[in-house]
Amino acid sequence: MAGELLLQELTKVFFGLREQVVAVDHANLAVEEGSLVTLLGPSGCGKTTTLRMVGGFEIPTSGEIYLAEERITELPPQRRNTATVFQSYGLFPHMSVFENVAFGLKVRRFRRAEIRRKVEETLALVGLQGLGGRPPNHLSGGQQQRVALCRALVIEPQVLLFDEPLSNLDAKLRVETRDHIRKLQKTLGITSLYVTHDQAEAMAISDLIAVMHAGCIQQMGTPYEIYAKPANTFIADFIGRANFLRGRVAQITEGEMVLDLDGGDSIVVAASDGYAAGDRVKVVVRPEAVDLVGPGEGELSGAITLAHYTGSMATYQVELPDGEVFNVEVLSPQEKGFLEPGTEVGIRIHRKSVHVLDVD
Amino acid sequence: MWGGKLRLPPTSDPGSLTMRERIGRTGGELRRLAHDRGLLLVLVVVVALVATFVVFPLFQVFRESIFPRGQFDATHFVRFFQGAPFLITPFFNSLILGGLVALTGTVVGFTFAFAIARANVPGSRVFRWIATLPMISPPFIMALAAILLLGNRGMITQVIHNVFGVRWSIYGLPGLVLTQTLAYFPVAFMALEGVLRAIDRSTEEAAFDLGASKLRTFVKVTLPLAAPGIGAALLLLFVISLGDFGNPIVIGGRFQVLTVQAYLAITGRYNMPLGATLAILLLVPTALVFIVQRYWLSRRSHVTVTGRPTPSTAHASGPLLRWVLFGVLCFLSGVILLFYGMVVYGAFTHLWGVNHALTMDNFRYVFSVGRRYFMNTVQLAAIATPIGGILGILIAFLVTRKRFPGRKTLDFLSMMNFAVPGIVVGIGYLLAFNAPPLRLTGTAAIILAVFVFQRMPVAIRDGAAMLQQVDAAIDESASDLGAGFMRTFGRIVLPLVAPAMFSGMAYMFATCVTSISAVVMVVSARWQLMTVALLNDVDNAQLSRAAAWGVVIIAVVLAAIFVLDVLVSRLLSRRGSHGR
């Protein structure tokens, strides 16, 4: 199925006096109708620039953007049917909430009664009924955020663009608003492109996540795929926490692969394509995907050097014989007992959670 | 599920990227423009205006200086390099005057700035008010006052003559240095006060902590940190002195300077090529200074801008220095007030130097015979001010927020008059609009154009500063929601900067009402202005009447500032519930 929003080899180069910065490097992306895709990456990875090119605020250096099979690459923002929820909201401070929301409809020459009806409806949808007469800066941050959302929704755009919309809210409100946005997006079936650097937010809200790094989309997949099967070391490290172990493929059998870990025992994992016996590999082990057992019992062993108790979880750093540090997270430590630094332990790896990468 | 193919970070040679991508950029911007009619239309109009009223006149000055009557003729430049006195003398006189005024003006300006920003002298608000007075009055008020006091028939001159029997007067270089210093030191004061306030006090405190004396700290820490600011003030004053026309024509006497000689060559001898050549001789050092300023000095700023004001508890000076500075400021302010007082007093006398009996005759003249000059000045300035203000914000909005091919060129060209002395602009207008297709000589339109485009760089700079206060997401939202360029600018951008714009307009109105150097070339019998009337009266030795003009001009400016101030506070209070 053709994607509603399509980015083809999209590239943006910023030219400085002495240097040029490739902000977005041949990005390809499809956002299917009614789905929410998140661009996730650290700051400076090009995710906001990508979003701004879709909104029309930056002109691509090369590549194309299609919206519902129409080429919109060079159209100015006012001529493309997209609507953006800005990080700083961009509310018009000299207009009331009602006038802010009505602005896009007035531009589209809707009749007065029609405008009133649509604005009231949409304000009610985001829970702002009765606040239309207020100036935006008399509202709380969360309410301002909803005005921005409302103003974007009311013009019924083909694509809704979110530029880190929650970054100005406090932690609790962030979760609430995130769930609210996701619920609205699903009910109304709006195609959405969402930008954030917060991986938890991305995991919670997205149908698909595109992880960006240094201007490139490095992996695209469901939240599950991104976490369980990261495409490379950067993504494994950026999404959640990860331990990296080095090893060699000892033998491959039907659906299984035996790996000899450097400085440890061997471990049997599910086979991955493209590896042969003798290959050097990197093994990704999530800190929560292990059990702490008695010394000598697991695949690895070492001594605890650092132990934190955070209530729901205990986190340990275990120093392996080769000097590497291995992070371990143990849920409900009350059940399992809190271990003090200096304790010798063994580490048993959950084999299904292990992911194998090439050595870079 | 894989919408994007996996790519590693770019490894391609960036050099090979440049050509293709650069073409890609301009092409993209061009295609964007083709889809954005509103922006395209506005751009065409703005570019046409800048080309016609900024670039074309300046081009005409160059053309006239080497291609008079359509034929190549560089006689004047040859004579200049051969050392012909009628070219060499004003050239070096201007440079000498500029250098001297740069020094004295910066010293006075620094003294004021240091005393107010660092030494916490008592009455600093009064001193600051006195120091801004010369900025809102016509600069040649100082020359007029100097003549009233120290001219041929001046009060002090006559005392000297009676007591010592010496005939002495102030005309020439001494008078020029005195009047330009008093008229222009506020420029240095404003710049240096900002710089001195921006210096983090902890640097000075660190020097004290390490055992340095106050003098040593001042010489080794404060001065070096302020050095780029001092350099900038020196250069700015040099350029302003070089371009000044009002003071030298009043008090220059036999001391020939470029501005006056260019004016005389054209209005007295009808020698256009000579006037144009003198204008170029004026333009070259001015332009050089701006290049130095832009590419050298601006990179040497050490001032750390933290955006967090440090509490101004002054440690930088002891009580002794403070009172010395207080004394110096009192003296300088006294001189300024004496000068202004002389003008006011002179305005109420019959004929200065002859009959000092008090009278209202001069004001009766100003508001009867001279009524038309008054109305012309006020009306034209009132029309030019909003046009210039809005145009300034429009151009600032275009070059800071929009992307189109030639953006940097437009930025440069529209700011160019900043570095062009007023008299050169005036000569350019005279040359450019003397013949069809744009015959504007003798009309009000040419004066309006001078008002608007000579002030435009300031308006653009102010506009850019105002726009920095407006989150880009606001105007991006407007176009995102479907508003075209004109609607975004008119409904969103302009209303948001309006209060700041009105404040800026007061200053712009003041500079129009007090301006002389460019408009003196384009006024006509029908369209005379107050400043020109003042100069004519000085020329005819009608000093009392000239003083009355001066008083009226200052009154108009103060009234405008007051009115706009009230307007802005009304606007802000009405918008209070919405305000930013």
Verdict on A:V126 being within 12 Å of chain B (Cβ to nearest Cβ) and among the β-branched types (V, I, T): no
Index of the failed condition, A:L39 passing every other in (1) over 16 Å from B:R403 (Cα atoms); (2) at pLDDT 95 or above; (3) more than 11 Å from chain B (Cβ to nearest Cβ): (3)
Candidates A:A270, A:A250, A:A277, A:A289, filtered to the one that is touching a helix residue (DSSP H, G or I) at 6+ places or on another chain (Cβ under 9 Å) and either more than 30 Å from A:T305 (Cα to Cα) or at pLDDT below 85 (or both): A:A270
Residue match in segment A:199-210 (condition: within 19 Å of B:D480 (Cβ to Cβ) and of a type outside the set (K, R)): no
Residue that is modelled with pLDDT of 90 or more and farther than 30 Å from A:E344 by Cβ, where the choices are A:K282, A:K229: A:K229
Residue within segment A:80-99 that is out of contact with any Pro (no Cβ under 7 Å at 6 or more places or on another chain), facing chain B (nearest Cβ under 9 Å) and either farther than 29 Å from A:D198 by Cβ or in a helix (DSSP H, G or I) (or both) present: yes
Unique residue being modelled with pLDDT of 90 or more, assigned by TED's automatic domain parsing to the domain that holds B:L235 and among the β-branched types (V, I, T) when the list is B:V292, B:V257: B:V257
Filter pass, A:I347 being within 33 Å of the chain's Cα centre (by Cα) and buried (at least 20 other Cβ atoms within 10 Å of the Cβ): yes
Condition broken by B:G334, with the remaining ones in (1) in a strand (DSSP E or B); (2) under 30 Å from B:F127 (Cβ atoms) satisfied: (1)
Failed condition for A:F57, given (1) within 19 Å of the chain's Cα centre (by Cα); (2) not in a strand (DSSP E or B): (1)
Criterion (among the basic types (K, R), touching a Ser or Thr at 6+ places or on another chain (Cβ under 7 Å) and in the same structural domain as B:T111 (by TED's automatic domain parsing)) met by exactly one of B:R153, B:R201, B:R216: B:R201
Residue identified as within 30 Å of A:E74 (Cα to Cα) and either surrounded by 15 or more Cβ atoms within 10 Å (Cβ to Cβ) or assigned by TED's automatic domain parsing to the domain that holds B:A498 (or both) among B:G392, B:G346, B:G388: B:G392
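Please tell me if B:R461 is among the charged types (D, E, K, R) and within 13 Å of chain A (Cβ to nearest Cβ).
Here the answer is no, as B:R461 does not meet what is asked.
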Subset of segment A:60-79 that is more than 8 Å from every other protein chain (Cβ to nearest Cβ) and in a strand (DSSP E or B) - its residue that is farthest from A:E156 (Cα to Cα): A:G63
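Where residues in segment A:27-36 are away from every other protein chain (no Cβ under 12 Å) and modelled with pLDDT under 95, which of them is farthest from A:H180 (Cα to Cα)?
By that ranking, first place goes to A:E33.
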Among the residues listed as B:F86, B:F56, B:F81, the single one being in a helix (DSSP H, G or I) and over 29 Å from B:G172 (Cα atoms): B:F56
Within segment B:267-279, tally of residues that are surrounded by fewer than 23 Cβ atoms within 10 Å (Cβ to Cβ) and assigned to a helix (DSSP H, G or I): 3
Yes/no for A:F103 being aromatic (F, W, Y), farther than 24 Å from B:R491 by Cα and in contact (Cβ under 8 Å) with a residue 24 or more places away in the chain: no
Residues of segment A:146-173 classified as closer than 13 Å to A:Q87 by Cβ and either free of Cβ contacts under 8 Å to residues at least 60 places away in the same chain or among the β-branched types (V, I, T) (or both), total: 2
Residue that is under 22 Å from the mean Cα position of the chain (by Cα), closer than 21 Å to B:G346 by Cα and free of Cβ contacts under 8 Å to residues at least 40 places away in the same chain, where the choices are B:A500, B:A555: B:A555
Any hit, segment B:196-217, residues being among the aromatic types (F, W, Y) and under 30 Å from B:S524 (Cα atoms): no
Residue satisfying condition, being among the aromatic types (F, W, Y), surrounded by fewer than 19 Cβ atoms within 10 Å (Cβ to Cβ) and either free of Cβ contacts under 8 Å to residues at least 24 places away in the same chain or over 19 Å from B:Q60 (Cα atoms) (or both), within set B:F238, B:F255, B:F290: B:F290
Enumerated helices (runs of 4 or more DSSP H) restricted to segment A:141-240, each holding at least 1 residues that are assigned by TED's automatic domain parsing to the domain that holds A:L123, more than 13 Å from the chain's Cα centre (by Cα) and over 23 Å from A:A30 (Cβ atoms): A:141-153, A:171-188, A:233-238
Residue pairs meeting the criteria (Cβ under 6 Å; at least 6 apart or on separate chains; first at positive phi, in segment B:105-128; second surrounded by fewer than 22 Cβ atoms within 10 Å (Cβ to Cβ) and not hydroxyl-bearing (S, T, Y)): B:N120/B:A314
Residues being part of a loop (DSSP other than H, G, I, E, B) and either farther than 19 Å from A:E64 by Cβ or within 11 Å of chain B (Cβ to nearest Cβ) (or both) - total across segment A:2-26: 5
Residue list for segment A:128-146, restricted to those being farther than 18 Å from B:D471 by Cβ and in contact with a helix residue (DSSP H, G or I) (Cβ under 7 Å, 6 or more places away or on another chain): A:L128, A:Q129, A:L131, A:G132, A:G133, A:R134, A:G142
Failed criterion for A:A102 (all others in (1) under 34 Å from the mean Cα position of the chain (by Cα); (2) at pLDDT 95 or above; (3) aliphatic (A, V, I, L, M); (4) more than 28 Å from A:G56 (Cα to Cα) hold): (4)
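The values are calculated or read from the model by the stated rules, or taken from the named source; none is laboratory data. Predicted, not measured: the structure shown is a model, and the values here were computed from it. FYI the Cβ positions are ideal-geometry reconstructions off the backbone, even for glycines, and counts take in every protein chain you see.
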